[in-house]
Amino acid sequence: MAAPPDMEPPAALSLELLPTDPLLLILSFLDYRDLVSCCYLNRRLNQLSSHDPLWKRHCKKYWLISEEEKSRRNESWKSIFISTYADLGRYIRYYATLKKAWDDLENYLGQWCPRMIGSLKESVREEDLDAVEAQIRCKLPDDYRCSFRIHNGQKLVVPGLMGSMALSNHYRSEDLLDIDTAAGGFQQRLGLKQCLPLTFCIHTGLSQYMALESVEGRNKYEIFYQCPDQMARNPSAIVMFITGTSYFEWFTSYVNKVVTGGYPIIRDQIFRYVHDKECVATTEDITVSVSTSFLPELSSVHPPHYFFTYRIRIEMSKDALPEKTCQLDSRYWRITNAKGDVEEVQGPGVVGEFPIISPGRVYEYTSCTTFSTTSGYMEGYYTFHCLYYKDRFFNVTIPRFHMVCPTFKVSTA
């Protein structure tokens, strides 16, 4: 419908006439890139985009700057954002998540593993990372560089930040390598070309490596344990047990497992046992739970030999009557591999002991098993006798627990 001939068209709405508060509200939804772009559109938007509270959200989101830190620095939010971006801008995709992971880890270690805090090294500078790239003639991924701008790994000490494992006479504890030590272990030999070590165990020589290029069948930035192919004629044939697809995923997932209590703390060390919350069974007043771990340094793909250790916790309810006190006599295991082959094992005690379980008492022990297949499971029961009623025997269920080898790649050599 046409407008009446005497009606004038509405005047164009000028940005200068719009009220300030609604414009600031709109700008508050913009990302930092768009906010910067607004500075170049016209004078009004330039003034509004410099409104300091607009930059508070970006400082907290990308750089985790607190109100206390802002007060200490005595700068505006915009100034803090710009100066931090000038230093760490290339890492803006990773910095907040990695910084929070490091902060959470430090807080957790301070509570549960305080002597490990002293092993952490201060951050490195951009020029230090550039010098390492020049030394190894290979680019470091930004997520790796970003983490080392926060903490330069740790000193070569025990216990290691990346977890421990103890079984009979076998022990390992992995340190997170600092940048210089990692660069010194950079590999160019056949089987491990262009691989940078991330961790190191001074007891076993064990390392986790990151592939800096897609060579010898590896994906770029893949993280793995090496495993020599014992059946290959070529000594450079290396099979990889893959532990991560990128440094960012590898490190943050490990920290999350640690700080959420996914790994037990034993004698001030992080032990990399994984517990399935459903792997618990209660018989009368006794609860049995199991956690497991794969040991790559004792495993091989060729020939197939996959080594697992498991940790069992036996606990009697603290509300049980004193006359429920009992002693473990024997164990029965039914062990099944991925092919369905079954092996049955029965014997006295556990690891040479016959523990007494009383109300509120906990007994824990570790043992191990091997499979010729990449996975398998165990289940069974313990036989106890009552100490008050010596003629009473009963079985306590051990829940079925599964053990699965990590994904691996066979060498192309």
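Computed values, structure above
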| quantity | calculated |
| --- | --- |
| Cα-projected label distance for Asp130 with Ser300, points at 7 Å along beta-carbon direction, nm | 4.7 nm |
| Unsatisfied cross-links (Cα-Cα over 19 Å) in the set Lys60/Lys155; Lys100/Lys121; Lys70/Lys99; Lys100/Lys257; Lys277/Lys339 | Lys60/Lys155; Lys277/Lys339 |
| Length gained when the stretch Glu364-Lys318 is fully extended (0.36 nm per residue, less Cα-Cα span) | 14.9 nm |
| Using a Förster distance of 35 Å, the FRET efficiency for Ser214-Ser71 (Cβ separation, nearest 0.05) | 0.15 |
| Farthest toward positive dipole pole in the stretch 20-91 [+1 Lys/Arg, -1 Asp/Glu at C-beta], among Leu25, Leu45, His58 | Leu45 |
| Stretch gain in nm, segment Asn169-Ala96, where the contour uses 0.36 nm per residue and the Cα spacing is subtracted | 22.2 nm |
| Tail beyond 15 Å, pair distance distribution of the stretch 20-91 (Cα, percent) | 52 percent |
| Packing-based order for 191-204, 328-341, using average beta carbon neighbours within 10 Å, highest first | 191-204, 328-341 |
| Inter-label distance for Val36 and Val280, nm, one decimal - labels placed 7 Å from Cα along Cα-to-Cβ | 5.0 nm |
| Distance between modelled label sites at Tyr332 and Thr407, nm, 7 Å Cα→Cβ extension | 4.0 nm |
| Rg and Dmax of the stretch 273-405, Cα atoms only, in Å | 15.8, 53 |
| Percent carbon-and-sulfur accessible area, the chain, ignoring ligands, DNA and RNA, probe 1.4 Å | 52 percent |
| Mean ellipticity per residue at 222 nm, deg cm²/dmol - from DSSP H runs of n ≥ 4 across the chain, formula -39500 (n - 2.57) | -8000 deg cm²/dmol |
| Probe 1.4 Å, protein heavy atoms only - accessible area per residue of the stretch 273-405 in square angstrom | 49 Å² |
| Directionally averaged projected area (convex hull, Cα atoms, the chain), nm² | 33.4 nm² |
| Förster radius 35 Å - calculated FRET efficiency between Phe354 and Arg267, Cβ distance, rounded to 0.05 | 0.90 |
| Surface per residue (accessible, 1.4 Å probe) for the stretch 175-254, Å² | 39 Å² |
| The stretch 346-360-the stretch 317-334 distance, computed between alpha-carbon centres (Å) | 8 Å |
| Sorted peptide list for 351-364, 228-241, criterion being average Cβ within 10 angstrom, highest first | 228-241, 351-364 |
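The values are calculated or read from the model by the stated rules, or taken from the named source; none is laboratory data. Note that this is a predicted model, so its numbers are computed, not measured. Note: ideal-geometry Cβ built from the backbone for every residue, glycine included; neighbour counts use all protein chains shown. Heads up: the accessible areas ignore ligands, DNA and RNA and are worked out on the full protein's heavy atoms, side chains in. Shrake-Rupley method; radii C 1.70, N 1.55, O 1.52, S 1.80 Å.
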